[in-house]
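Structure first, then comments.
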Amino acid sequence: MSPVDDNKSWTYGRLPEYIWIALIFHKYGRQEGFRRLSPILRAIKEKTSLTHIRMSDILLASEAEKECVFTALLDYVGIDCMAPLTVVISGEIDSMFALKFSNSMLIDERVKIIQDCMKKVMGHNSKGATDIRYVPLVYSLICGKLHMKKEQGDLLFKYQFEHNSAEEMELIGALIRSCELVLLSNEKANDDYINVFWNAISELTECDLYIMGFDKEKEDTKKYYELVKDIFYYFQQLYEACDPLDKRMKVLLGIATYSFKRLEEAEMHNLYNAISGRSIIRSMIENYIMMKYMVMLEKDNSSIWDEFETYGIGQYKLVLARHRECENKREAHVDTHILEAIVNEYKFEEFQDMDTRYFKNDNIREKASKVDEKDLFGLYYDYDSAFEHGLWGAIRESSMLKCDNPAHQYHCVPNVNEEVTLKSIFNDCVYVMNKTIHFLDSVYGVPESKIGEIDNYEHTLVGETN
């Protein structure tokens with residue numbers, strides 16, 4: 001089954017059409033509202049040819065039929081009940097409605113009543129919304145537009161009473177929604193009225209903005225940073241003293257050190273709650289996966305470390321070539337002198353090749369799966385990638401404020417002035433960095449005391465979090 005069009009959806013399309021019913025329930029409550037609606041529906045059925053009780057259909061009826069409908073409303077619910085709707089259905093839209101239902105109520109009061117009504121029933125599965133949707137369904141039954149078995153009709157009739165069990169109400173609610181879909185398939189929405197409603201009610205109200213945020217990171221992050229820095233200094237000394245020409249060690253420690261530098265950025269600039277923090281933890285995850293992936297491939301390809309370097313330098317070479325071809329020489333963060341120096345560091349660029357067999361054939365998801373780190377990708381990396389690529393979920397979470405005004409359809413507004421504090425990445429940084437260090441420990445060994453310190457820190461952190 002396909003979803004209904006926006007103009008037939010409950011919140012956007014049907015609620016504006018049945019807002020007059022919502023106003024009755026708002027003023028009189030559920031039981032009294034149903035009691036007053038019964039003679040109104042009967043009057044519309046007996047005195048008009050209307051087959052729908054949508055407000056747009058009522059307004060498009062003949063003057064005589066509108067007179068009958070409005071008289072019934074005046075007789076059974078009164079001017080005050082319908083008066084709020086005159087902020088939408090003004091004299092320019094329908095002079096008869098505006099004339100019959102205008103009173104001394106201030107515009108702000110009218111708008112507030114409509115807002116309060118909408119707040120109660122905008123959720124399409126809410127009890128209030130189901131109450132409203134029940135009314136046009138009953139009208140369709142008494143008009144002969146909808147037919148159902150007697151048992152279903154009896155069950156539907158029971159809905160308006162309060163003594164039903166929760167199981168019965170759930171069953172009846174499902175029946176109402178399914179019957180409604182049948183009716184909707186044969187209805188044509190009135191876009192003009194829907195647009196008039198939303199334009200009017202939204203222009204008369206202001207945004208009610210609020211921000212969702214988390215506390216800033218309060219852990220002793222510097223303590224952990226210093227512990228990790230001490231371990232990486234140990235690795236640096238180990239590399240310099242033991243085997244400074246070992247390409248495998250150079251690449252593995254280089255990747256791990258890049259992760260450390262990203263952690264250092266988060267620490268030095270307090271980025272744990274920032275958008276940039278998502279980029280940092282994503283990079284750390286990818287680096288860890290790549291380290292494990294290359295060690296796995298090494299048994300079948302002893303040149304993997306050279307190829308990893310060649311691939312990376314080849315990417316720099318490609319960027320350098322583009323800059324040389326570009327006529328726009330504006331100052332940018334890409335320094336071609338640095339690129340040129342790195343590309344030609346050990347081999348003239350003319351002889352630099354680019355080998356992508358091991359670094360493009362498998363995407364990061366496949367690499368993660370092959371090294372048993374599927375959860376790191378699925379639970380964290382994919383989420384952080386949304387921030388890296390500017391996808392809407394990340395934009396919504398980090399850069400938009402929520403408007404709590406139903407008249408604005410609870411839309412979102414660009415957040416220019418408010419600081420956003422996203423949930424801290426610090427726990428995840430500890431988790432991924434510790435995995436990285438443990439992996440290096442399995443390859444090169446790390447003093448037990450140093451490993452013990454970061455493990456104890458993580459255990460304490462997890463204990464405090466839980």
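Could you tell me whether residue 285 is farther than 21 Å from residue 346 by Cα, within 40 Å of the chain's Cα centre (by Cα) and either among the hydrophobic types (A, V, I, L, M, F, W, C) or in a loop (DSSP other than H, G, I, E, B) (or both)?
yes
Can you say whether residue 154 is open to solvent by 70 Å² or more (accessible area, probe 1.4 Å), free of Cβ contacts under 8 Å to residues at least 12 places away in the same chain, assigned to a helix (DSSP H, G or I) and closer than 18 Å to residue 80 by Cβ, as far as the supplied structure shows?
The answer is no for residue 154.
Can you name the residue in region 1-28 that is part of a loop (DSSP other than H, G, I, E, B) and either more than 15 Å from residue 129 (Cβ to Cβ) or among the hydrophobic types (A, V, I, L, M, F, W, C) (or both) and is also modelled with the lowest pLDDT among such residues?
Top of the filtered list is 1.
Condition first: open to solvent by less than 40 Å² (accessible area, probe 1.4 Å) and in a loop (DSSP other than H, G, I, E, B). Can you find one or more residues in region 431-439 that meet it?
Taking every residue of region 431-439 in turn, none turns out to be open to solvent by less than 40 Å² (accessible area, probe 1.4 Å) and in a loop (DSSP other than H, G, I, E, B).
Can you tell me which residue is nearest to residue 10 (Cα to Cα) among those in region 132-149 that are in contact (Cβ under 8 Å) with a residue 12 or more places away in the chain and open to solvent by 70 Å² or more (accessible area, probe 1.4 Å)?
Only one residue fits best here, namely 145.
Can you give me the number of residues within region 279-320 that are crowded, with 20+ Cβ neighbours inside 10 Å and free of Cβ contacts under 8 Å to residues at least 12 places away in the same chain?
Residues that pass the stated criteria total 0.
Against the condition open to solvent by 20 Å² or more (accessible area, probe 1.4 Å), basic (Lys, Arg) and within 30 Å of residue 197 (Cβ to Cβ), how does residue 402 come out, does it pass?
Numbers: open to solvent by 20 Å² or more (accessible area, probe 1.4 Å): yes; basic (Lys, Arg): yes; within 30 Å of residue 197 (Cβ to Cβ): yes.
Here the answer is yes, as residue 402 does meet what is asked.
Inspect all residues belonging to region 181-190 and state whether any of them is within 28 Å of the chain's Cα centre (by Cα), of a type in the set (A, V, I, L, M, F, W, C) and open to solvent by 50 Å² or more (accessible area, probe 1.4 Å).
Taking every residue of region 181-190 in turn, at least one turns out to be within 28 Å of the chain's Cα centre (by Cα), of a type in the set (A, V, I, L, M, F, W, C) and open to solvent by 50 Å² or more (accessible area, probe 1.4 Å).
Can you find a residue in region 113-131 that is open to solvent by 50 Å² or more (accessible area, probe 1.4 Å) and at pLDDT below 85? Before the answer, list the steps.
Narrowing region 113-131 to residues open to solvent by 50 Å² or more (accessible area, probe 1.4 Å): 119-120, 124-125, 127.
Adding the requirement that they be at pLDDT below 85 leaves 124-125.
Within region 113-131, one or more residues are open to solvent by 50 Å² or more (accessible area, probe 1.4 Å) and at pLDDT below 85.
Looking at region 45-80 only, could you name the residues that are of a type in the set (A, V, I, L, M, F, W, C), within 14 Å of residue 189 (Cα to Cα) and part of a loop (DSSP other than H, G, I, E, B)?
Of everything in region 45-80, just one residue is of a type in the set (A, V, I, L, M, F, W, C), within 14 Å of residue 189 (Cα to Cα) and part of a loop (DSSP other than H, G, I, E, B), namely 53.
Within region 261-278, count every residue that is open to solvent by less than 30 Å² (accessible area, probe 1.4 Å) and either polar (S, T, N, Q) or under 18 Å from residue 368 (Cα atoms) (or both).
Residues flagged as open to solvent by less than 30 Å² (accessible area, probe 1.4 Å) and either polar (S, T, N, Q) or under 18 Å from residue 368 (Cα atoms) (or both) within region 261-278 amount to 1.
On the basis of being at pLDDT 95 or above and surrounded by fewer than 17 Cβ atoms within 10 Å (Cβ to Cβ), does residue 85 make the cut?
Answer is no for this residue.
For residue 359, are the conditions met, namely being within 30 Å of residue 308 (Cα to Cα), modelled with pLDDT of 95 or more and surrounded by 12 or more Cβ atoms within 10 Å (Cβ to Cβ)?
On the way: within 30 Å of residue 308 (Cα to Cα): yes; modelled with pLDDT of 95 or more: no; surrounded by 12 or more Cβ atoms within 10 Å (Cβ to Cβ): yes.
So residue 359 does not fit the description; no.
What tally of residues in region 223-238 results from selecting those that are over 30 Å from residue 395 (Cα atoms) and either among the aliphatic types (A, V, I, L, M) or buried (at least 18 other Cβ atoms within 10 Å of the Cβ) (or both)?
7
Check 109, 92 and return the single one that is farther than 20 Å from residue 36 by Cβ, out of contact with any strand residue (DSSP E or B) (no Cβ under 7 Å at 6 or more places or on another chain) and not in a helix (DSSP H, G or I).
92
So if I check each of 323, 337, 333, which one is in a helix (DSSP H, G or I) and exposed (fewer than 11 other Cβ atoms within 10 Å of the Cβ)?
Residue meeting the stated conditions: 337.
Considering only region 206-216, I want to know if a residue exists there that is out of contact with any strand residue (DSSP E or B) (no Cβ under 6 Å at 6 or more places or on another chain) and surrounded by 17 or more Cβ atoms within 10 Å (Cβ to Cβ).
Looking for residues that are out of contact with any strand residue (DSSP E or B) (no Cβ under 6 Å at 6 or more places or on another chain) and surrounded by 17 or more Cβ atoms within 10 Å (Cβ to Cβ), one finds none in region 206-216, hence no.
The values are calculated or read from the model by the stated rules, or taken from the named source; none is laboratory data. Everything numeric here is computed off the predicted structure, so don't read it as measured data. A quick note on method: Cβ atoms are made from the backbone with ideal geometry, for glycine too, and the neighbour counts reach across all protein chains shown. Surface accessibility is based on the protein's heavy atoms, side chains included, excluding ligands, DNA and RNA. Shrake-Rupley method; radii C 1.70, N 1.55, O 1.52, S 1.80 Å.
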